[in-house]
Amino acid sequence: MSFFQNLNTHTLKTTRAFKNPHAQDAYLQNELSESRSAAYPSYSSHNKIRSYAEQSLGSDSALQQAVKLPRDESLQEWYAVHVVDFYNQLNMLYGSITEFCSPETCPRMLATQEYEYLWQDPPANSKPYPLPAPQYIEKLMSWCQQNFDDENVFPAKMGQPFPSSFDTLVKTMFKRLFRVYAHIYCHHFDEIRELGLGSHLNTSLKHFVVFVEEFGLIKSRDYGPLEELCKGMLGQM
């Protein structure tokens with residue numbers, strides 16, 4: 001059974017995000033009922049940090065504020081909360097169109113015919129190599145999950161130190177996760193619209209772009225064929 005076929009039963013070990021969207025919604029409704037008295041609240045759990053990021057995504061100005069690092073919070077923890085969140089969003093979005101993305105329909109991991117993304121997994125394979133899009137994305141998600149599950153990389157408890165290599169790793173994660181957005185937009189947007197998920201995809205990408213721009217996590221050239229779209233989203237802010 002593939003990673004995405006097993007999506008409903010595959011759960012994240014980390015408490016930073018929810019795999020089940022219904023459980024997530026129920027949790028957020030409960031969290032949002034709590035009062036927020038401080039402009040820059042301090043949080044004692046991963047879930048509450050994530051709740052802070054999610055509760056104010058209703059407008060552009062709120063989105064800009066939502067991605068800013070709360071006072072007295074660890075930057076690495078903020079990165080961790082968000083990379084897990086975007087991973088979950090992409091699981092849902094790509095999982096909805098897997099029947100349209102196969103080795104036959106997408107034999108290469110492309111975003112238009114001008115951009116091909118190659119997979120690299122050192123030390124086993126230090127040289128980048130091509131893969132069909134579904135295999136590339138499955139390897140990417142499994143690689144992310146393995147890192148999330150490793151408490152030496154993503155500490156399970158608040159206050160535990162992150163490794164010195166964490167910033168470099170998380171930048172690679174964001175860069176690779178963006179490629180899934182690019183493939184969906186360039187090759188499966190019609191299916192996304194037919195499923196009624198166009199608005200969700202746009203909102204997810206905009207949140208992603210605003211976050212990575214806030215902290216300089218990926219370079220402009222990494223936007224590839226979506227550079228104009230992403231700059232347009234930022235220009236609307």
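The values are calculated or read from the model by the stated rules, or taken from the named source; none is laboratory data. What you see is a predicted model; the values in this text were computed from it and never measured. Don't worry about glycine lacking a Cβ; one is built from the backbone with ideal geometry, like all the others, and counts go over all protein chains shown.
Of the listed requirements (1) of a type in the set (Val, Ile, Thr); (2) outside any helix (DSSP H, G or I); (3) crowded, with 17+ Cβ neighbours inside 10 Å, Val81 misses just one: (2).
Just wondering, is there one or more residues in segment 155-172 that are in a helix (DSSP H, G or I) and aliphatic (A, V, I, L, M)? Yes, segment 155-172 contains at least one residue that is in a helix (DSSP H, G or I) and aliphatic (A, V, I, L, M).
Asn125 fulfils the conditions (1) at pLDDT 95 or above; (2) farther than 14 Å from Cys186 by Cβ except for a single criterion, (1).
Test each condition in (1) farther than 23 Å from Pro132 by Cβ; (2) over 16 Å from the mean Cα position of the chain (by Cα) for Gly224 and report the one that comes out false. Status for Gly224: all satisfied but (1).
Once segment 177-200 is narrowed to residues that are at pLDDT 95 or above and within 22 Å of Lys68 (Cα to Cα), the residue that is surrounded by the most Cβ atoms within 10 Å (Cβ to Cβ) is Phe178.
Tallying residues that are of a type in the set (Ser, Thr, Tyr) and in contact with a helix residue (DSSP H, G or I) (Cβ under 8 Å, 6 or more places away or on another chain) within segment 110-135 yields 3.
Let's see how each residue does on (1) under 14 Å from the mean Cα position of the chain (by Cα); (2) under 22 Å from Asp121 (Cβ atoms); (3) among the hydroxyl-bearing types (Ser, Thr, Tyr):
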site	(1), (2), (3)
Asp150	no, yes, no
Met158	no, no, no
Ala182	yes, yes, no
Cys186	no, no, no
Asp190	no, no, no
His200	yes, no, no
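Might you let me know whether segment 96-119 holds any residue that is closer than 21 Å to Leu226 by Cα, part of a helix (DSSP H, G or I), out of contact with any Ser or Thr (no Cβ under 8 Å at 6 or more places or on another chain) and among the small types (Gly, Ala, Ser)? No. I need a count of the residues in segment 116-175 that are over 30 Å from Glu99 (Cα atoms), surrounded by fewer than 16 Cβ atoms within 10 Å (Cβ to Cβ), in contact (Cβ under 8 Å) with a residue 24 or more places away in the chain and not small (Gly, Ala, Ser). Residues meeting the conditions: 2.
Entry remark, segment 120-135: residues being small (Gly, Ala, Ser) and in a helix (DSSP H, G or I) number 1 in total.
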